[in-house]
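Student: Before I ask anything, here is the structure I am working with.
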Amino acid sequence: MTTDTAALARYLDVFPEWLRTLGEDAGALGGVVGSDAPDEVRSFLAAGLNYIFKSLDLIPDGIDDLGFCDDAFVIRVAAALAVEENAAAKDGVLGKLADEAAEVKEFLGDDYDRLVTYVRGLKKGAARGRTVEDIMTDTTVRGAFLSEVSAWAAEYQVPSFTRDVKTLIKLKAFLSAKLA
């Protein structure tokens, strides 16, 4: 885990950008879930996107910047896992997000493997009454899910992000406490 203040400072520019594009990124990944991409790719992306809704329902108000950073991390790890399963899928936003997972790994250090394990487990999880399996196998559920992703992406409001190393330390603590 990176603890050097100078090393952390570079993330004060990276993470606000990820927050700025979170809605666009989610919308683009929703397009991949709704496409004819291989199931192993779509299932990781569905898990990551479904997590956003779980997160929305669980993250207390007042820590939007940390909660949405968490979401940005999860979709990047989900993209990296999807590309790991099928390297041919690495193009466009999926490839960009998969590549950016390396920055999540640098930032989290030893906790990154715990995050990867967590994201892998999301494929067995559920949010708002729908599992990833439901999304993958039931066209009605998938259609409703993709509509919800699209609506959320369009309505997403970028939270403020305090450009202070203390924010990054809080983010690490938040994630460390959350991961098994």
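Student: Could you give the nm distance between label points at Lys178 and Ala6, where each point is 7 Å from its Cα heading toward the beta carbon?
Tutor: 3.1 nm
Student: For Ala127, enumerate residues with amide H under 5 Å from its amide H, sequence gap 5+ or separate chain, H modeled in the peptide plane.
Tutor: For Ala127, whose amide H was placed from the backbone, there are no distant partners under 5 Å.
Student: Note the full-extension length gain between Asp39 and Asp91 as 0.36 nm times their separation in residues minus their Cα-Cα distance, in nm to one decimal.
Tutor: 17.1 nm
Student: Next up: What lysines could a cross-link reach from Lys124, if we take a straight Cα to Cα line under 22 Å and drop same-chain neighbours fewer than 8 places away?
Tutor: The qualifying lysines are Lys54, Lys178.
Student: Same structure again: Determine, for each peptide in 26-32, 110-116, the mean count of other beta carbons within 10 angstrom over its residues, then list the peptides with the highest first.
Tutor: Ranked from most to least packed, the peptides come out as 26-32, 110-116.
Student: For volume of the Cα convex hull per residue in Å³, one of [x] 163; [y] 151; [z] 102 was computed from the structure I shared and the rest are decoys. Which label?
Tutor: [z]
Student: Report the label-to-label distance for Glu106 and Ala126 in nanometres (one decimal), using points 7 Å from each Cα along the Cα→Cβ vector.
Tutor: Output for this residue pair reads 4.0 nm.
Student: Any idea how far apart Val14 and Thr117 come out in nm if each label point goes 7 Å out from Cα toward Cβ?
Tutor: The two pseudo-label positions are separated by 2.3 nm.
Read the figures in this text as sums done on the coordinates, not as results from a lab. These numbers were taken from a predicted model, which means no experiment stands behind them. When we count neighbours, we look across all protein chains shown, and the Cβ atoms used for this are built from the backbone with ideal geometry, even at glycine.
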